[in-house]
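Below is one structure, written out as structure tokens, with a few remarks after it.
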Amino acid sequence: MSIKRREWLARLAAGGAGLLLPSRRAAPAQAPAPSPTPEGCPLALKDFQPKSMLHVAEHRVERARFPVIDIHTHLGWSRGGEMTYLATPAQLLPVMDRKNVRTMVNLTGGTGAGLAQTIQRFEGAAPGRFLTFTEPSWTRVSEPGYPQWQADEVERAKKAGARGLKVLKMLGLFLREGGTTGPLVKVDDRRFDPMWDACGRLGLPVAIHVSDPEAFFTPIDRFNERYDELGNHPDWSFHDRDFPSNAELLEARNRMFARHAKTQFIVLHVGNYAENLAFVSENLDRFPNTVVETGARIGELGRQPRTARRFIEKYQDRVLFGTDAVPPPDGENYPQQVFKDELYEIYYRFLETEDEYFDYAPAVIPPQGRWRIYGLGLPEPILKKVYHDNAARILGLT
């Protein structure tokens, strides 16, 4: 006679061990009970929203322990010199005040007249609370004389009030020769050398985004840990087309870094490779003119808390606080980046507490990957550097 463990427990509870003996009389036929297994009640992955059964300490951190400079936000987008704004200062400042965000750095401030408009809109309304970066004019790359024109444009932008230059992943992944059909322009293309040099000469830091999560360069299959995210945004995948690999993009970036040692680079998204902090460490050691920031990558850092804490402790003077925040409603498309109270509370909880296994984004389903994160519990001297002092030094703030 074979008896399963659950059956044994059920019979024992019903009347003692004697019920384990085989019955002499056949039991009346009964309809089979519904199966409690997943096969009996199939569930789509998109509908799977498990609730943790852990009973562990939880700490809500409503305000950062020190004033914050958010080095990585997007308050508008530019197209052809025209700006589209996502929020007004009046909409942003209440959240900033509640969360102890002293300054937001708007990286996508536009160019030319659009840049001047952005500076007036935000910095004119609330001096000291907003800073603005300019952007390259990518559409003119193929024009004769572009390299020197772009370098001169950077100087004009600084005179207009720009505090740095933002390079989107347009360079390396989208910008093509002759518009949309030619080969991709490489990150280390020599046409940009005068622009990088101008930033170094003028003391303007360059916030640069090269590449994307490593999973974006692999097949969207059952082995891809970002299957949900890429399933929702298949156009984010760079696999199996004419795109360079993640390694090729980072190698080109590093060749450019090596040629421009006098230019300060803020390498966004934890050095563009938060999944591989050993690689990021090697690059920080190799290029003293680089720093990193945390924007939209605490989901990566928080699932490797011991490694991440050691990394921040070692490079505590070169890690800046950033969120990659985008105001709603546009920001609702990217839950790990949407500008609101909950976003900052999650970042503060991650940096300040040792809480375990909590959500890295204000979303029902984890938007980047189906995992949760753990807090670092950084000491106050390091927190103050990450929250404020490192960015203040890079930006030349008193």
When restricted to ALA261, ALA363, ALA274, the only residue in contact with a Pro (Cβ under 9 Å, 6 or more places away or on another chain) and modelled with pLDDT under 95 is ALA363
Selection from the range 352-398 of residues surrounded by fewer than 21 Cβ atoms within 10 Å (Cβ to Cβ) and among the basic types (Lys, Arg) yields ARG370, ARG372, LYS384, ARG393
Taking the range 265-278 and keeping only residues that are touching a residue at least 24 places away in the same chain (Cβ under 8 Å) and not charged (D, E, K, R), one is left with PHE265, ILE266, VAL267, LEU268, HIS269, VAL270, ASN272, TYR273, ALA274, ASN276, LEU277
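Taking the range 271-294, which residues are polar (S, T, N, Q) and either part of a loop (DSSP other than H, G, I, E, B) or open to solvent by less than 20 Å² (accessible area, probe 1.4 Å) (or both)? Working first, answer last.
Within the range 271-294, the first condition is being polar (S, T, N, Q), and the residues that meet it are 272, 276, 281, 283, 289-290, 294.
The answer is ASN272, ASN276, ASN283, ASN289, THR290, THR294.
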Of those in the range 295-314 that are part of a loop (DSSP other than H, G, I, E, B) and open to solvent by less than 10 Å² (accessible area, probe 1.4 Å), the residue nearest to ARG370 (Cα to Cα) is GLY302
Here the residues within the range 153-182 that are open to solvent by 10 Å² or more (accessible area, probe 1.4 Å), closer than 29 Å to GLY128 by Cβ and outside any helix (DSSP H, G or I) are GLY161, ARG163, LEU168
Output for Cβ contacts, cut-off 8 Å, separation at least six or different chains, first residue farther than 12 Å from SER281 by Cα in the range 302-318, second buried (at least 18 other Cβ atoms within 10 Å of the Cβ) and of a type in the set (Gly, Ala, Ser), reads GLY302/ALA308; GLY302/GLY375; PRO305/GLY375
Checking ARG63, ARG121 in turn, the sole residue that is of a type in the set (Lys, Arg), touching a residue at least 12 places away in the same chain (Cβ under 8 Å) and either exposed (fewer than 12 other Cβ atoms within 10 Å of the Cβ) or not in a helix (DSSP H, G or I) (or both) turns out to be ARG63
Scanning the range 183-218 residue by residue, those open to solvent by 10 Å² or more (accessible area, probe 1.4 Å), in contact with a Ser or Thr (Cβ under 8 Å, 6 or more places away or on another chain) and either among the small types (Gly, Ala, Ser) or closer than 22 Å to ARG140 by Cα (or both) turn out to be ASP197, GLY200
Quick one: would you say GLU229 is open to solvent by 20 Å² or more (accessible area, probe 1.4 Å), more than 23 Å from ALA151 (Cα to Cα) and either free of Cβ contacts under 8 Å to residues at least 60 places away in the same chain or among the charged types (D, E, K, R) (or both)?
no
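The values are calculated or read from the model by the stated rules, or taken from the named source; none is laboratory data. Because the structure is a prediction, the values reported are computed rather than measured. Glycine gets a Cβ as well: all are built from the backbone with ideal geometry, and neighbour counts include every protein chain shown. Surface areas here come from the heavy atoms of the whole protein model, side chains and all, with no ligands, DNA or RNA. Shrake-Rupley method; radii C 1.70, N 1.55, O 1.52, S 1.80 Å.
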